[in-house]
Ligand SMILES: [Zn+2]
């Protein structure tokens with residue numbers, strides 16, 4: 001089985017759309033298309049036709065391109081069953097424990113409620129890759145719009161149990177802001193200080209800092225490193241006020 005090709009498409013002010021291609025079958029999937037045109041263009045440049053869209057949650061900056069891409073390609077749209085009413089373009093409703101397929105690559109669906117009530121993630125175990133939407137960011141986590149610190153803590157624990165090498169494809173370039181906040185939470189964390197310096201250099205050079213890895217997050221993400229749900233909630237409240 002050939003490795004998935006994964007292309008990062010920066011859109012809007014800080015969103016990343018992920019274009020995922022299986023060269024064996026020719027299947028091409030888009031995770032969370034905020035918009036359509038740059039995504040269609042990125043696929044066309046590579047000679048790929050989009051066969052699938054996978055949504056992680058209903059927010060418009062994750063689903064806004066659904067209708068136009070489907071219109072252009074006839075693709076199938078898969079997303080969280082619990083948010084069906086808020087994603088009217090969905091064709092296939094999935095929830096935690098389900099599996100979805102891109103060619104011969106199988107992803108398991110995880111329920112990761114907290115940012116939104118029905119938020120899901122897609123884990124390609126054999127590819128050591130997980131698409132987390134707005135659940136985990138580099139050195140951060142999503143805001144708790146529709147859920148609790150307890151839920152987000154459980155999500156962080158589950159993500160943190162993956163292998164260090166697992167690549168985490170999050171949906172925003174929030175890394176620099178997150179790093180600057182994280183060092184205030186863990187001022188004595190040398191790995192975090194080093195990562196902040198590296199991120200500052202990367203962003204100054206106009207480089208993306210995503211995907212991240214579970215190993216990097218275990219060393220530097222204060223939300224993943226929170227002792228318990230109350231600690232995560234405390235840190236989240238500080239970040240919201242920052
Ligand atoms: Zn969101």
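Compute the relative contact order of segment 1-73 as a whole-number percentage, counting only Cα pairs closer than 8 Å that sit 6 or more residues apart in sequence.
So the answer I get is 27 percent.
Taking R0 as 45 Å, what's the FRET efficiency between residue 198 and residue 71 from their Cβ-Cβ distance, rounded to 0.05?
For residue 198 and residue 71, the calculated efficiency is 0.60.
Cβ neighbours within 10 Å, averaged per peptide: list 184-192, 120-128 in order, most packed at the top.
Going by the mean number of other Cβ atoms within 10 Å, highest first, we get 120-128, 184-192.
In deg cm²/dmol and to the nearest 500, what is the mean residue ellipticity at 222 nm of the chain if only DSSP H runs of at least 4 residues count, each as -39500 (n - 2.57), divided by the residue total?
Computed mean residue ellipticity for the chain: -9500 deg cm²/dmol.
Can you sort 209, 135 by how many other beta carbons sit within 10 Å, fewest first?
The fewest-first ordering by Cβ neighbours comes to 209, 135.
Provide the FRET efficiency to the nearest 0.05 for the residue 146-residue 238 pair, computing r from the beta carbons and using R0 = 22 Å.
Rounded to the nearest 0.05, the efficiency is 0.60.
Can you tell me, using C-alpha contacts under 8 Å and at least 6 residues apart, the relative contact order of segment 1-128 as a whole percent?
It comes to 18 percent, rounded to a whole number.
Highest first, please rank the peptides 167-176, 198-207, 148-157 by the mean number of other Cβ atoms sitting within 10 Å of their residues.
Going from most to least packed, we get 167-176, 148-157, 198-207.
Kindly work out what percent of the DSSP beta bridges joining two residues of segment 68-222 are antiparallel, to the nearest 5.
70 percent
So what is the relative contact order for segment 86-129, in percent, with contacts set as C-alpha pairs under 8 Å and at least six apart?
Here the relative contact order equals 28 percent.
Read the figures in this text as sums done on the coordinates, not as results from a lab. Note that the structure is a prediction, hence the values are computed from the model and not measured. Because the Cβ atoms are built from the backbone with ideal geometry, glycine has one as well, and the counts that use them run over all protein chains shown.
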